[in-house]
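Trainee: Next up is a structure, given as structure tokens.
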Amino acid sequence: MKILALADEESKSLYEYYRPEKLKGVDLIIACGDLRKSYLDFFASVCHAPVFYVLGNHDAWDKTERLPGCVCLEDDIVVYKGIRIMGLGGSMRYQRNARNQYSEAEMARRVRKLWWKLFRMRGFDILVSHSPAKDCNDMEDVPHQGFGCFRKLIENYQPELFIHGHVHATYGSDFRRVDRLGETTVINAYSHYIFEYERGSDVIWSEPAERGY
């Protein structure tokens with residue numbers, strides 16, 4: 001399965017200089033937040049693949065709003081072509097009463113509310129979030145700290161993929177596009193990243209021309 005991951009910054013290559021061949025063969029688009037509705041709508045319109053998304057801390061809308069051709073993953077586990085995809089958007093809370101920001105306890109509560117779906121689905125294959133997990137591609141400042149409950153979730157269920165955004169390549173030299181957390185491959189979707197994913201396989205392949213930063 002060929003997946004296009006998006007987050008945080010609009011890709012000029014794919015958007016302003018779009019050509020159909022750039023998205024040829026893409027089976028699924030996963031958007032990890034802080035992207036305009038019209039941007040998601042563009043990909044839903046020009047690509048035959050569905051757009052699955054979570055919200056970022058800068059998104060001024062919420063999960064109750066629906067976008068044509070797009071599937072909201074927030075607080076849910078969606079099965080697509082046999083792949084179980086779980087979504088938890090938002091960032092660590094750094095502004096009081098801000099939309100799509102959560103304390104560690106609030107995010108952990110969201111995870112606990114999914115216990116029945118996790119039990120019924122017997123876990124998940126891909127975790128999609130806006131923020132990273134604690135001590136894995138996160139930063140020391142509060143807005144960009146990762147969630148400890150994400151790390152615990154990954155350690156307990158060992159999904160094959162964890163895809164997030166929020167930490168930009170422009171923030172410093174420590175940016176990692178692909179990393180590992182135990183048995184899970186971690187992908188930072190900043191701007192855009194195209195890769196092949198096969199359930200049950202460790203192979204993650206990226207197109208060099210689509211590095212996205």
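Trainee: What distance in nm separates the two pseudo spin-label positions at ASP75 and GLN158, each 7 Å out from Cα along the beta-carbon direction?
Mentor: Each label point is offset 7 Å from its Cα along the Cβ direction, giving 3.1 nm.
Trainee: Answer with one residue from GLY148, ASN137, ALA105: the one whose Cα lies farthest towards the positive end of the charge dipole of the chain, charges on Cβ with Lys, Arg +1 and Asp, Glu -1.
Mentor: So the residue furthest toward the plus end is ALA105.
Trainee: Which percent, to the nearest 5, of DSSP beta bridges fully inside the chain are antiparallel?
Mentor: Roughly 40 percent of the beta bridges in the chain run antiparallel, per DSSP.
Trainee: Still on this structure, please answer the following. Rounded to the nearest 10 Å², what accessible area does MET139 show when all protein chains are kept and the probe is 1.4 Å?
Mentor: About 60 Å², rounded to the nearest 10.
Trainee: Report, in deg cm²/dmol and to the nearest 500, the calculated mean residue ellipticity at 222 nm for the chain, where each DSSP H run with n ≥ 4 adds -39500 (n - 2.57) and the sum is divided by the residue count.
Mentor: Working: 4 runs with 36 residues, N = 213.
It lands at -5000 deg cm²/dmol.
Trainee: Then there is this: When a/c is below 1.5 the answer is rounded, else prolate if a/b is larger than b/c, else oblate, so apply that to region 51-112 with a ≥ b ≥ c taken from the square roots of the Cα gyration tensor eigenvalues.
Mentor: Verdict is oblate for region 51-112.
Trainee: Determine one quarter of the surface area of the Cα convex hull of region 34-159, which equals its mean projected area, and express it in nm² to one decimal.
Mentor: Values: hull surface 32.0 nm².
If you wrap the Cα atoms of region 34-159 in a convex hull and average its projections, you get 8.0 nm².
Trainee: Only Lys, Arg, Asp and Glu count, each charged at its Cβ (+1, +1, -1, -1), so figure out the dipole size of the chain about its Cα centre, rounded to 20 debye. Let's see the in-between values first.
Mentor: On the way: 29 positive and 31 negative charges, 138 e Å.
Dipole size: approximately 660 debye.
Trainee: Tell me the volume per residue, in Å³, of the convex hull enclosing the alpha carbons of region 4-79.
Mentor: Working: hull volume 6.5 nm³, N = 76.
It comes to 85 Å³ per residue, whole-number rounded.
Trainee: Turning to a different aspect of this structure: Among [x] -0.38, -1.04, -1.37, -1.56; [y] -0.58, -0.98, -1.16, -1.27; [z] -0.44, -1.09, -1.31, -1.41, which one is log10 I(q)/I(0) by the Debye sum over Cα atoms at q = 0.10, 0.16, 0.18, 0.19 Å⁻¹ computed from these coordinates?
Mentor: Structure-derived value, by its label: [x].
The values are calculated or read from the model by the stated rules, or taken from the named source; none is laboratory data. Just so it is clear, the model here is predicted, and its values are computed rather than measured. For neighbour counting, all protein chains shown are included, and Cβ atoms are generated from backbone atoms with ideal geometry for every residue, glycine included. Surface areas here come from the heavy atoms of the whole protein model, side chains and all, with no ligands, DNA or RNA. Shrake-Rupley method; radii C 1.70, N 1.55, O 1.52, S 1.80 Å.
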